[in-house]
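A.B. asks: Please find one structure pasted underneath; my questions will follow.
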Amino acid sequence: MIPGVILANPQESLRSSWGLRIANCMTAPRTATIKRDTAETRITLTLNLDGTGVSKLATGVGFFDHMLTLLSKHSMIDLDVNAVGDLHVDAHHTVEDVGICFGKALVHALGDKAGIRRYGSMTLPMDETLVTSALDLSGRAFCVWNVELPTEMLGTFNTSLAEEFWRAVAGAGLMNLHLICHHGKNSHHIIEAIFKATARALRQAVEHDPRGGGIPSTKGVL
Ligand SMILES: [Mn+2]
């Protein structure tokens with residue numbers, strides 16, 4: 001267990017029977033708030049899976065706020081992030097720890113995952129760049145990062161932090177996440193396409209499947 005994590009989902013205690021789980025997943029607010037305080041970062045993150053893509057972001061890292069805005073907009077997940085990190089060192093801890101909080105919030109907001117689509121994928125162009133993001137909210141963590149970034153820095157943002165963020169999301173969010181850059185030359189475009197593609201894939205995966213079917217696994221558990 002990561003120290004300093006407080007998890008809150010007001011609907012959790014209601015998920016006590018099969019019938020309630022399904023009813024709950026379809027009607028209860030799918031929201032979560034994560035508070036995480038360490039010696040390196042202090043983060044409060046709130047999300048709403050059934051939002052409209054509205055975000056309020058203050059991480060102290062301009063490029064990262066830009067990417068989180070896109071993530072919220074294209075996933076339709078409302079996102080409120082307040083992060084105070086050790087930026088005098090660099091942005092590494094802040095970016096990684098927001099990823100951990102986002103992943104954990106996803107897990108808690110999803111609950112038992114009854115009625116969702118579970119899988120999502122998007123191949124997304126951005127100018128000269130083409131990226132695929134494919135994910136499975138499987139309950140198991142795995143991240144494949146098949147992306148080459150030609151530039152080390154974008155302003156003050158070290159581009160390697162994009163991989164750190166998504167590895168943290170996949171790890172804490174218990175998802176299989178495959179990110180592939182087919183081609184692209186501009187590092188800003190490549191990272192932006194990764195955030196947008198994964199946002200679109202997430203939107204699909206967390207959406208309610210109107211055909212129902214309970215928990216989308218033959219094991220009965222995700
Ligand atoms: Mn941009």
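The values are calculated or read from the model by the stated rules, or taken from the named source; none is laboratory data. Note that the structure is predicted; figures quoted are calculated from it, not measured. Don't worry about glycine lacking a Cβ; one is built from the backbone with ideal geometry, like all the others, and counts go over all protein chains shown.
A.B. asks: Within region 74-96, identify whether any single residue is within 16 Å of the ligand (Cβ to nearest atom), in contact with a helix residue (DSSP H, G or I) (Cβ under 9 Å, 6 or more places away or on another chain) and under 19 Å from His188 (Cα atoms), and answer yes or no.
C.D. replies: Looking for residues that are within 16 Å of the ligand (Cβ to nearest atom), in contact with a helix residue (DSSP H, G or I) (Cβ under 9 Å, 6 or more places away or on another chain) and under 19 Å from His188 (Cα atoms), one finds at least one in region 74-96, hence yes.
Each row is one residue, and each column tells you yes or no for (1) touching a His at 6+ places or on another chain (Cβ under 6 Å); (2) within 16 Å of the ligand (Cβ to nearest atom).
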site: Trp166; (1), (2): no, no
site: Met175; (1), (2): no, no
site: His183; (1), (2): no, no
site: His189; (1), (2): no, yes
site: Ala199; (1), (2): yes, yes
site: Leu202; (1), (2): no, no
site: Asp209; (1), (2): no, no
site: Lys219; (1), (2): no, no
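A.B. asks: Name the one entry in Leu124, Leu130 that is in contact with a strand residue (DSSP E or B) (Cβ under 6 Å, 6 or more places away or on another chain) and either farther than 28 Å from Asp50 by Cβ or charged (D, E, K, R) (or both).
C.D. replies: Among Leu124, Leu130, only Leu130 is in contact with a strand residue (DSSP E or B) (Cβ under 6 Å, 6 or more places away or on another chain) and either farther than 28 Å from Asp50 by Cβ or charged (D, E, K, R) (or both).
A.B. asks: Here are Ala162, Ala109: which of them is out of contact with any His (no Cβ under 9 Å at 6 or more places or on another chain), away from the ligand (no atom under 16 Å from the Cβ) and among the hydrophobic types (A, V, I, L, M, F, W, C)?
C.D. replies: Of Ala162, Ala109, the one residue that is out of contact with any His (no Cβ under 9 Å at 6 or more places or on another chain), away from the ligand (no atom under 16 Å from the Cβ) and among the hydrophobic types (A, V, I, L, M, F, W, C) is Ala109.
A.B. asks: Sticking with this one: When Ile194 is evaluated against the numbered criteria (1) surrounded by fewer than 19 Cβ atoms within 10 Å (Cβ to Cβ); (2) within 20 Å of Cys101 (Cα to Cα); (3) within 14 Å of the ligand (Cβ to nearest atom), which criterion, by number, is the only one it fails?
C.D. replies: Single failed check for Ile194: (1).
A.B. asks: So which of Leu45, Leu70, Leu57 ends up being under 15 Å from the mean Cα position of the chain (by Cα) and under 19 Å from Cys181 (Cα atoms)?
C.D. replies: Of Leu45, Leu70, Leu57, the one residue that is under 15 Å from the mean Cα position of the chain (by Cα) and under 19 Å from Cys181 (Cα atoms) is Leu70.
A.B. asks: Of the residues Thr52, Thr69, only one is outside any loop (DSSP other than H, G, I, E, B) and either at pLDDT 95 or above or touching a strand residue (DSSP E or B) at 6+ places or on another chain (Cβ under 8 Å) (or both); which?
C.D. replies: None of the others qualify; the one that does is Thr69.
A.B. asks: If Gly213 satisfies every condition in (1) surrounded by fewer than 18 Cβ atoms within 10 Å (Cβ to Cβ); (2) within 16 Å of the ligand (Cβ to nearest atom) but one, which is the exception?
C.D. replies: Gly213 satisfies all of (1) surrounded by fewer than 18 Cβ atoms within 10 Å (Cβ to Cβ); (2) within 16 Å of the ligand (Cβ to nearest atom) except (2).
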